[in-house]
Amino acid sequence: MVPLSYFITLSFFLFSIGVVGILIRRNILMVLMAIELILNAVNINFVAFSRFHQSLDGQIFVFFVMTIAAAEVVVGLAIVIVAFRRRATVNVDDFNLMKW
């Protein structure tokens, strides 16, 4: 059986990569992908702790997180498409104004 610390370490690295991706990347699509990476890191922790404590609560939370992630992607991509049509760029620095 794989120890719990391995899952926590993997989750930490994925979470760190996601945070660095959000802070460094200027492409809004890459930022959305980094957010997905962070949510998957959280899901790994939920499943690992659920398995460690022999409870299904964590796995149920994973379904909620996956649902939220899917909704986030749909709304995020819709915003990106509208912004790209208006500005012809996906650079985050160009989207500093909420009012056009």
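The values are calculated or read from the model by the stated rules, or taken from the named source; none is laboratory data. Just so we're clear, the structure is a prediction, and the values are computed from it rather than from any experiment. Remember, those area values only see protein heavy atoms, side chains included, never the ligands or the DNA or RNA. Shrake-Rupley method; radii C 1.70, N 1.55, O 1.52, S 1.80 Å.
Of note:
- Karplus-based coupling profile of region 51-61, in residue order and whole Hz: 5, 5, 8, 6, 10, 9, 4, x, 5, 5, 4, with θ = phi - 60° in 6.51 cos²θ - 1.76 cosθ + 1.60 and x standing for Gly or Pro.
- Rg followed by Dmax, in Å, when the chain is reduced to its Cα trace: 16.6, 55
- For the chain, the share of accessible area belonging to carbon and sulfur comes to 74 percent (1.4 Å probe, ligands and nucleic acids excluded).
- Length available on full extension from residue 87 to residue 25: 0.36 nm per residue minus the Cα-Cα distance, which gives 20.5 nm.
- The chain, relative contact order in percent, only Cα pairs under 8 angstrom and at least six apart counted: 28
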